[in-house]
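Let me begin by presenting the structure, written as structure tokens, before commenting on it.
The values are calculated or read from the model by the stated rules, or taken from the named source; none is laboratory data. Just so it is clear, the model here is predicted, and its values are computed rather than measured. Every residue, glycine as well, gets a Cβ built from its backbone with ideal geometry; the counts of neighbours run over all protein chains shown.
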Ligand SMILES: [Zn+2]
């Protein structure tokens, strides 16, 4: 934790407590989950009313015991004897590192409190619960909230307000008020205002500062170490269009993440600009499209083209289209073995064969864990006669991250104007350290505190103090595969 702060063994009176249960990991990204308790510290424990912001998981991995997954341990909060019963869970958005442990707890038979989220977030959660064959009788109550809406019915809490944040799919930040204190949790975000999907609500952020509403700011620290801002999506669209214009007679193929609505919209925009049909491959993209199209801003309105033609790769018409009329979008930008892209590369797809008529754009960041896989897949493509393969790169980017970079984080903090302190969320120790360095010597902003999973801050009228309370470590459970994933979590901690 940060220097210069008073360590208090206990505190009296009502206060707002902040304790990351996951996401502030020593290594890697995953299991985002923040516990907020309005109450008091009694005999070394938190007593009061609790909510969670997010309940994500780590990626599942093969181990000698089988498929295993790490996620936050919240069993103490769900116990009937809990001194701080869990009143609600608020989900920022539908990425697995923010929502997947909801599914793990439901399938293991735990009763979760009501879950609040945006329409799209809850639709994705329903799809995940169905996909893991969780009986609807075991689902928590799902309550929809929209940006700008404030929930005032949670016992102990004055309000939880949803704030629109730009990311790669609809995301909400939350402004939580209790015990006379305000905490703003940014969620995953970027400030780019050129996205096709809904951007960050800068006006609301600025109003927080004007109103002196925020004591503690919790910031996405994933890309705190990178200078500048994220590349604007408008620049990415222009770069892809420049390449498309070079190859008017080729078939265009964008390899993307199926969980990135902004990239799907960007592909649709490119199809619209080049007069092509958008053809999608794989269930992840299909699910994302279905959920987008059922909402207030379906794909054709995002790209402002009522004539936009979208087909599944399974549609019989697709086989009759000439290459120059097709823009394929395929999931699998991390080289995932079972995703559409890898399957097409291996010649296993019944819908698509790559050849000399194809141009392939890899629209995702190159990272240590996907670079080797993508290079091997590119070799397979070359062996099939594909000459034009474009990787994302700094000089000519084909993809923009959904996480704001260092200078943008400072911009957000200056808009919000936290009065007491800043903490890093969503990051490894190194990424959260980078956040601390980024804010060092900025006289107009408060100190960045180091808080790891389980450590607890107390906010009250006297300021922010560290406490001796330590929450549980991440839980690791085996996921059995019998047609569905099913986590085995012991009921008692
Ligand atoms: Zn995300």
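Quick look at the values:
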{"quantity": "Test: residue 394 is within 30 Å of the chain's Cα centre (by Cα), modelled with pLDDT under 95 and over 16 Å from residue 252 (Cβ atoms)", "calculated": "yes"}
{"quantity": "Residues within region 34-55 that are surrounded by 16 or more Cβ atoms within 10 Å (Cβ to Cβ) and assigned to a strand (DSSP E or B), tallied", "calculated": "15"}
{"quantity": "Test: residue in region 337-352 that is in contact with a strand residue (DSSP E or B) (Cβ under 6 Å, 6 or more places away or on another chain) and either within 16 Å of the ligand (Cβ to nearest atom) or part of a helix (DSSP H, G or I) (or both)", "calculated": "yes"}
{"quantity": "Which listed residue, of 407, 444, is over 29 Å from residue 102 (Cβ atoms) and assigned to a helix (DSSP H, G or I)", "calculated": "407"}
{"quantity": "Residue 199 outside any strand (DSSP E or B), touching a residue at least 12 places away in the same chain (Cβ under 8 Å) and within 16 Å of the ligand (Cβ to nearest atom)", "calculated": "yes"}
{"quantity": "The one condition in (1) touching a strand residue (DSSP E or B) at 6+ places or on another chain (Cβ under 8 Å); (2) surrounded by fewer than 21 Cβ atoms within 10 Å (Cβ to Cβ) that residue 210 fails to fulfil", "calculated": "(1)"}
{"quantity": "Residues located in region 145-175, provided they are within 16 Å of the ligand (Cβ to nearest atom), surrounded by fewer than 23 Cβ atoms within 10 Å (Cβ to Cβ) and more than 18 Å from residue 202 (Cβ to Cβ)", "calculated": "none"}
{"quantity": "Failed item, numbered, when residue 329 is tested on (1) closer than 28 Å to residue 194 by Cα; (2) assigned to a loop (DSSP other than H, G, I, E, B); (3) touching a residue at least 24 places away in the same chain (Cβ under 8 Å)", "calculated": "(2)"}
{"quantity": "Residue in region 356-366 that is within 16 Å of the ligand (Cβ to nearest atom), crowded, with 18+ Cβ neighbours inside 10 Å and more than 28 Å from residue 313 (Cβ to Cβ) present", "calculated": "no"}
{"quantity": "When residues of region 176-194 are limited to those that are farther than 16 Å from residue 412 by Cβ and assigned to a loop (DSSP other than H, G, I, E, B), the one farthest from the ligand (Cβ to nearest atom)", "calculated": "180"}
{"quantity": "Among the candidates 258, 295, residue that is assigned to a loop (DSSP other than H, G, I, E, B), in contact (Cβ under 8 Å) with a residue 60 or more places away in the chain and in contact with a strand residue (DSSP E or B) (Cβ under 7 Å, 6 or more places away or on another chain)", "calculated": "258"}
{"quantity": "Filtered residue count, region 133-172, keeping only those that are in contact with a helix residue (DSSP H, G or I) (Cβ under 8 Å, 6 or more places away or on another chain), part of a loop (DSSP other than H, G, I, E, B) and under 21 Å from residue 37 (Cα atoms)", "calculated": "1"}
{"quantity": "Residue 109 within 20 Å of the chain's Cα centre (by Cα) and at pLDDT below 95", "calculated": "no"}
{"quantity": "Output for region 202-230, where each listed residue is within 16 Å of the ligand (Cβ to nearest atom) and not in a loop (DSSP other than H, G, I, E, B)", "calculated": "218, 219, 220, 223"}
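The rows are residues; the columns are (1) within 24 Å of residue 19 (Cα to Cα); (2) away from the ligand (no atom under 16 Å from the Cβ); (3) surrounded by 20 or more Cβ atoms within 10 Å (Cβ to Cβ).
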{"site": "403", "(1), (2), (3)": "yes, no, yes"}
{"site": "411", "(1), (2), (3)": "no, yes, no"}
{"site": "433", "(1), (2), (3)": "yes, yes, no"}
{"site": "442", "(1), (2), (3)": "no, yes, no"}
